[in-house]
Every structure is written in structure tokens, then in C-alpha cells.
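Asks: I am attaching a structure below and will ask some questions about it afterwards.
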Amino acid sequence: MAVSLLAGCFVPREAPPRSTAECTRCHGDSTRSGSPEVQAAPPTDTFGNTDRSFPGVGAHALHLSASPTHGPVACRQCHVVPEVTESAGHNDGVTQVVLAGRDGGQAPRWDLSERTCSNSTCHGPVSGSWTRPRSSVEACGSCHANPPTFPHPQYEDCGVCHGEVLQGAAFLAPDKHVDGTVQVVATTCASCHGSDDAGIPPRALDGGTLVSQTGVGAHTAHRSGGSWSRPVACETCHAVPTDASHPNGGLVEVKATTGWSASTLRCTTACHGATSPPWTSIDAGLACSSCHGAPPPSPHPPVTQCTMCHGALQKERHVDGVVQVNVPTACNGCHGNATNAAPPNDLSGAADTSLPGVGAHQAHLVSRGFARVVGCAECHDVPATVDAGAHLDGVTQVRFVGVARANGASPVWNGQTCASSACHDTSVWRSSPGGGSSPAPTWTRVDGAQRTCTSCHGAPPPAPHVQRSDCFSCHFSAAPDGGFVRPDLHVNGWVDFFVP
């Protein structure tokens, strides 16, 4: 039997042949002619066959009857139905098959030898055999994958997007299934992902709710902002669509500016610095040092009291792409205290003299009756402003001038002592046994043992110094009780004396 294939479109099911009784003269069930249940299609075929193995019978009954998964298929959707038996082209020995085309796909085709339909909107690329006996209705996955393959979103709860047709796996309106129109009702972000109107996972597109799953990950942590930062809006990392027409098969679209790596599941952004925590990390949370040092490395000042320059933490202004800085204008805004601008406290707020940032600062800056007060500029470059020069670079700048270099001394700060300075000299004031016991005291040793006459020179110094201990007899800065009447003239770079 010759077969003619005509490409066409779906014809409305409401258009029946003019006379069902005429059709059943040759095929279909003539015994029920005139009955509302009459079926003018096989079985029986034009040769009287009723077995499905005959092409003229095949799956006609399955298509013409409604099922739990689809509505009835009208004759006109696959054949040219004549108005009357004598219509041109009818009853000419040629079976005319008309199949609906696929949107943007190849032309549909009926293959008599294979007894299959290919590229039709009903069955997709290839249908089941037209004459193969089936004991039950085809299940989901027979015509399309469950879920369909990319670019369809990889989400198995069909009812989320096709709620007019399905609820879960149960069909609500089978007549709207396999009707040539895709019924989509997803209208909000939460229709496909998220657990509330915001549409932010969990839940993920595949229904996942675990942080260890990529589709879920740290969405909640970003959405809430946690204890340290502002909530992160969706558009910060994603191109947010204006409608539900964006599904692309589950491909996660992350803006290039975020530096997202799908292989390492990390971002390299200003939010997290050079390397972010893993997206699927189940850690309890992030600390200050999770994204940057606490304090950050040089050239950031080694200050742990962040509020000195950045004020009190405001979540909405933290991790917003703008560094909020309000650098103090006074020296004691970062170190020192209300009394003076030198430690204690040091940059970390500590006051222990065993720490290099504290050490003997106050021993030099506060008069104790033994020596003059030493100004900051004698040991450091004092900037004109807080942000001037090499200040705030995280490096302690030590530069000796004035008294420290008196009498040809060449002082050196070695991290522990001020060696070879005129203040605590090893050669200018003593050159033989009997000299000072601690010419270069340790900076962090402030115990009083270094505040005696013999700490820096002998008492009296060795010859050719006169070997007598009544210092006040020749030095008018000294007092008879062993103290000083003019401490400002002691350790000032020159020797004050008079010959009795």
C-alpha cells in the first residue's frame, strides 16, 4: 500500500468529519453508527483487521481515546479528513499522513517500514512502534527525558512550572498534555528555586537543600549577611531576569566580575579578597581573618583596633566595595594615650613594656629626675600629617639625630637595644674597667636596674677622670645627695662641669 506524507500543523480537534456514519462504512466500528461513542477509525481497518499488528489498525485506539496522560487525538491531526467519501484524494488507495512540525526542529516524518513517527511534537525525535502491543499507558520518559535534557532546567518536579497540567507526578489536565502547546505557569523566582518569595536557595533547582550541594551552597549566608556584612543582592552575582523566560537548562550564570570558578567552587572578588572560602563549605561562619588579615599585611598599619580608622562596625557598610576610612589626625589617635602620643598604648592597644611597641617609651618621655625628656623626633621621623611619607606603612621608622649622635657616636637600633648611642654609649663615656655595667640597656627591660649612675658610666668614670665620687663638686647639674638639681642638663650630649 502506497503512503503519502504531508507536512502540516495541528488542526483543531473540534472539527469532526461531516458524516461519521459515512466513515464507518469502510473503517472503524460500524456497529455503533449513530451512537455518541461511535469511532470512525480503526479498529476495524478497511480490510476488516482488528489486530494491532496490522498497520491499518496499530495504535489508533490509543490515540483516539483519552488517557491519564493525554487527551484524545482527533483524526485531522494525522490525516486529511475528507468532507464526504467522494472528496478528491480520498479512497484512492494512498494513505495520507499529516504530522505536525516541531518548533524550530526538523520536518516530521512517518516511516511505514519502521512504523514510527519521527520529529513530531507528540513523541519527539522518535516514537514507539505504531504496531507494537502495549499493555499499559506510556510512562513519563517514553517521549522525553524526565526531566527533559538540556536546555530544559534539570528539575524533576514538573508541577512547579507546568502546574496547569501536573501536580507532582499526577496529571490534573491530561487534555493539555501533548496538545502542541507547552503550558508554563512559573511566574516568580520561587516557582523554580528558593523556599519563599525571594527565590533564593535553598531549595535548588534540583530540589537540594544541603549547603554541601553546589545549587545551595552559601546562598543563605549571602542573603542574610551574617554577623559581619550586609545582605548581598542577587544581581551582585547574577543577571536577574525580568520574567520566567530565562531557564537555560540549569546552567548557572555568574557574572564575570565575580571571578567565579566552577572547578574550585571559589570566587576571587573584592568581597573575599584573593581567595574566598569554598562555596559549599559547611563551616559555622567567617572570622575577620577569613577574607583579610587581622590586621591586613603591610603596607597596612599593624593595628588590631580597627575602630580607630574604620569606626564601629556597620554591617550595611562592610563588604560593600568601598573602604570606609577615617584616619585620626592626632598622634594619640593610634598610639599613646590622653597624656602623650607615645606608648603605652601601642598600635594594638597593649601597654606591657615587654612588648617592643611599648618598651621604654615612657622612660624616655617622662622626667624621672635622672635625665632630660627625650623628644619623639630624636629617634623617629615625625610626620607632618598622619598620611605623610612612609608613615602608616607598617614599618617602625627609627632614625637617630641630635644627642644620640653626640661626640661622634654612631647609634644603631638592632631590634633590642640602641647600641653605640651617646645616650647609652659603650665608648665615649667609658673606655676601661670601672665603666658602666649596662651601656646598651634592653629596650623592653624596664625594671629600674638600668637607672643608676653605673648604668652608663663608672662612678667615678675610669682615669683620666678624677677618682672622686662627689660629682656635684665639678658638675653643677648634680646634687649632694647623688641626685640632680638640673636633670635637663644630664644626658644632653655635652658634659657640664666647672673646675673648683
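The values are calculated or read from the model by the stated rules, or taken from the named source; none is laboratory data. None of these values were measured; they are calculated from a predicted model. No Cβ is skipped: glycine too gets one built from the backbone with ideal geometry, and neighbour counts run over all protein chains shown.
Asks: May I ask you to verify whether Leu205 is closer than 28 Å to His162 by Cα, in a loop (DSSP other than H, G, I, E, B), at pLDDT 90 or above and out of contact with any Ser or Thr (no Cβ under 7 Å at 6 or more places or on another chain)?
Replies: When the stated conditions are applied, Leu205 does not pass them.
Asks: Would a scan of region 312-321 turn up a residue that is farther than 30 Å from His222 by Cα, touching a residue at least 12 places away in the same chain (Cβ under 8 Å) and either touching a Cys at 6+ places or on another chain (Cβ under 6 Å) or surrounded by fewer than 16 Cβ atoms within 10 Å (Cβ to Cβ) (or both)?
Replies: Filtering region 312-321 down to residues farther than 30 Å from His222 by Cα leaves none.
No, every residue in region 312-321 fails to be farther than 30 Å from His222 by Cα, touching a residue at least 12 places away in the same chain (Cβ under 8 Å) and either touching a Cys at 6+ places or on another chain (Cβ under 6 Å) or surrounded by fewer than 16 Cβ atoms within 10 Å (Cβ to Cβ) (or both).
Asks: Also, I was wondering about something else. Considering each of Ser135, Ser142, Ser129, Ser120 in turn, give the residue that is surrounded by fewer than 18 Cβ atoms within 10 Å (Cβ to Cβ) and modelled with pLDDT of 80 or more.
Replies: On the way: Ser135 fails: modelled with pLDDT of 80 or more; Ser142 fails: modelled with pLDDT of 80 or more; Ser120 fails: surrounded by fewer than 18 Cβ atoms within 10 Å (Cβ to Cβ).
Answer to the check: Ser129.
Asks: Considering only region 139-156, I want to know if a residue exists there that is closer than 19 Å to His63 by Cα, acidic (Asp, Glu), free of Cβ contacts under 8 Å to residues at least 60 places away in the same chain and part of a loop (DSSP other than H, G, I, E, B).
Replies: Just the residues of region 139-156 that are closer than 19 Å to His63 by Cα, to begin with: 139-144.
Filter once more, keeping what is acidic (Asp, Glu): none.
The answer is no, given that none of the residues of region 139-156 is closer than 19 Å to His63 by Cα, acidic (Asp, Glu), free of Cβ contacts under 8 Å to residues at least 60 places away in the same chain and part of a loop (DSSP other than H, G, I, E, B).
Asks: Let me ask something additional. Name every residue in region 263-276 that is on the phi < 0 side of the Ramachandran plot, in a loop (DSSP other than H, G, I, E, B) and at pLDDT 85 or above, in order of residue number. Walk me through it before giving the result.
Replies: In the first step, residues of region 263-276 are kept if they are on the phi < 0 side of the Ramachandran plot; the result is 263-264, 266-272, 274-276.
If we keep only those that are in a loop (DSSP other than H, G, I, E, B) as well, we get 263-264, 268, 270-272, 274-276.
Within region 263-276, Ser263, Thr264 meet the criteria.
Asks: For region 23-36, indicate whether the set of residues that are surrounded by 12 or more Cβ atoms within 10 Å (Cβ to Cβ), in a helix (DSSP H, G or I), at pLDDT below 85 and in contact with a Phe, Trp or Tyr (Cβ under 9 Å, 6 or more places away or on another chain) is non-empty.
Replies: As a first pass, look at region 23-36 and keep what is surrounded by 12 or more Cβ atoms within 10 Å (Cβ to Cβ): 23-30, 32-33.
Retained after the next criterion (residues that are in a helix (DSSP H, G or I)): 23, 30, 32.
In the following step, the residues that additionally are at pLDDT below 85 were identified as 23, 30, 32.
Keeping just the survivors that are in contact with a Phe, Trp or Tyr (Cβ under 9 Å, 6 or more places away or on another chain) gives none.
For region 23-36, residues surrounded by 12 or more Cβ atoms within 10 Å (Cβ to Cβ), in a helix (DSSP H, G or I), at pLDDT below 85 and in contact with a Phe, Trp or Tyr (Cβ under 9 Å, 6 or more places away or on another chain): absent.
Asks: Let me confirm something: among Ala88, Ala66, which residue is touching a helix residue (DSSP H, G or I) at 6+ places or on another chain (Cβ under 8 Å), within 30 Å of Arg25 (Cα to Cα) and in a loop (DSSP other than H, G, I, E, B)? Can you show your working first?
Replies: Values: Ala88 fails: touching a helix residue (DSSP H, G or I) at 6+ places or on another chain (Cβ under 8 Å).
Residue meeting the stated conditions: Ala66.
Asks: Give region 473-492 a look and list any residue that's surrounded by fewer than 16 Cβ atoms within 10 Å (Cβ to Cβ), within 26 Å of Ala440 (Cβ to Cβ) and among the small types (Gly, Ala, Ser), or say none.
Replies: Those that are surrounded by fewer than 16 Cβ atoms within 10 Å (Cβ to Cβ), within 26 Å of Ala440 (Cβ to Cβ) and among the small types (Gly, Ala, Ser): Gly482, Gly483.
Asks: Surrounded by fewer than 15 Cβ atoms within 10 Å (Cβ to Cβ), within 30 Å of Val495 (Cβ to Cβ) and either under 40 Å from the mean Cα position of the chain (by Cα) or not aromatic (Phe, Trp, Tyr) (or both): is that true of Gln397 in this structure?
Replies: Working: surrounded by fewer than 15 Cβ atoms within 10 Å (Cβ to Cβ): yes; within 30 Å of Val495 (Cβ to Cβ): no; either under 40 Å from the mean Cα position of the chain (by Cα) or not aromatic (Phe, Trp, Tyr) (or both): yes.
When the stated conditions are applied, Gln397 does not pass them.
Asks: With (1) modelled with pLDDT under 85; (2) assigned to a loop (DSSP other than H, G, I, E, B) as the list, and Gly159 as the residue in question, which single condition is left unmet?
Replies: Failing condition for Gly159: (2).
Asks: Condition check: closer than 15 Å to Ala404 by Cα, surrounded by fewer than 16 Cβ atoms within 10 Å (Cβ to Cβ) and modelled with pLDDT under 65. Does Ser427 satisfy that?
Replies: Values: closer than 15 Å to Ala404 by Cα: yes; surrounded by fewer than 16 Cβ atoms within 10 Å (Cβ to Cβ): yes; modelled with pLDDT under 65: yes.
In short, yes.
Asks: Here's a follow-up. Considering region 208-236 alone, what residues qualify as being small (Gly, Ala, Ser), surrounded by 15 or more Cβ atoms within 10 Å (Cβ to Cβ) and part of a loop (DSSP other than H, G, I, E, B)?
Replies: Just the residues of region 208-236 that are small (Gly, Ala, Ser), to begin with: 208, 212, 215, 217-218, 221, 224-227, 229, 233.
So of that shortlist, the ones also surrounded by 15 or more Cβ atoms within 10 Å (Cβ to Cβ) come out as 208, 215, 217-218, 221, 225-226, 229.
The answer is Gly208, Gly215, Gly217, Ala218, Gly225, Gly226, Ser229.
Asks: Being touching a residue at least 60 places away in the same chain (Cβ under 8 Å), of a type in the set (S, T, N, Q) and within 26 Å of Ala170 (Cβ to Cβ), is that true of even one residue in region 63-71? So that I can check it myself, show each step before the final result.
Replies: Our first condition is that a residue be touching a residue at least 60 places away in the same chain (Cβ under 8 Å); within region 63-71, this holds for 66-71.
Okay, now just the ones that are also of a type in the set (S, T, N, Q), so 67, 69.
Retained after the next criterion (residues that are within 26 Å of Ala170 (Cβ to Cβ)): 67, 69.
Yes, region 63-71 has at least one match.
Asks: Would you please name the residue that is modelled with the lowest pLDDT, looking only at residues in region 100-117 that are of a type in the set (Gly, Ala, Ser) and exposed (fewer than 13 other Cβ atoms within 10 Å of the Cβ)? Walk me through it before giving the result.
Replies: From region 100-117, those of a type in the set (Gly, Ala, Ser) are 100-101, 104-105, 107, 113; that's our starting set.
Subset that is exposed (fewer than 13 other Cβ atoms within 10 Å of the Cβ): 104-105, 107, 113.
Details: Gly104: 51, Gly105: 62, Ala107: 79, Ser113: 86.
If we take residues in region 100-117 being of a type in the set (Gly, Ala, Ser) and exposed (fewer than 13 other Cβ atoms within 10 Å of the Cβ), then Gly104 is modelled with the lowest pLDDT.
Asks: Does Thr85 meet the test of being crowded, with 19+ Cβ neighbours inside 10 Å and modelled with pLDDT under 85?
Replies: On the way: crowded, with 19+ Cβ neighbours inside 10 Å: no; modelled with pLDDT under 85: yes.
Criteria not met by Thr85.
Asks: Filter region 277-311 down to the residues that are of a type in the set (Gly, Ala, Ser), surrounded by 14 or more Cβ atoms within 10 Å (Cβ to Cβ) and assigned to a loop (DSSP other than H, G, I, E, B) and list them by number. Talk me through it step by step, then tell me what you get.
Replies: Start the filter on region 277-311 by keeping residues that are of a type in the set (Gly, Ala, Ser), which leaves 281, 284-285, 287, 289-290, 293-294, 298, 311.
Checking the rest, the ones that are also surrounded by 14 or more Cβ atoms within 10 Å (Cβ to Cβ) come to 281, 290.
Correct list: Ser281 only.
Asks: Being at pLDDT 55 or above and buried (at least 17 other Cβ atoms within 10 Å of the Cβ): is that true of Asp45 here?
Replies: Working: at pLDDT 55 or above: yes; buried (at least 17 other Cβ atoms within 10 Å of the Cβ): yes.
Considered against the rule, which asks whether it is at pLDDT 55 or above and buried (at least 17 other Cβ atoms within 10 Å of the Cβ), Asp45 comes out as yes.
Asks: Return a yes/no flag: does region 461-472 have any residue that is of a type in the set (D, E, K, R), modelled with pLDDT of 80 or more and surrounded by fewer than 16 Cβ atoms within 10 Å (Cβ to Cβ). Lay out the reasoning, then the answer.
Replies: The initial filter retains those residues of region 461-472 that are of a type in the set (D, E, K, R), namely 468, 470.
Right, trim to modelled with pLDDT of 80 or more and you get 468, 470.
Applying the additional criterion that residues be surrounded by fewer than 16 Cβ atoms within 10 Å (Cβ to Cβ) yields 468, 470.
Checked region 461-472: at least one residue is of a type in the set (D, E, K, R), modelled with pLDDT of 80 or more and surrounded by fewer than 16 Cβ atoms within 10 Å (Cβ to Cβ).
To keep it simple, each residue is scored yes or no on (1) over 23 Å from the mean Cα position of the chain (by Cα); (2) aliphatic (A, V, I, L, M).
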{"site": "Pro174", "(1), (2)": "yes, no"}
{"site": "Val178", "(1), (2)": "yes, yes"}
{"site": "Val185", "(1), (2)": "yes, yes"}
{"site": "Thr188", "(1), (2)": "yes, no"}
{"site": "Ser195", "(1), (2)": "no, no"}
{"site": "Asp206", "(1), (2)": "no, no"}
{"site": "Ser212", "(1), (2)": "no, no"}
{"site": "Ala221", "(1), (2)": "no, yes"}
{"site": "Trp228", "(1), (2)": "no, no"}
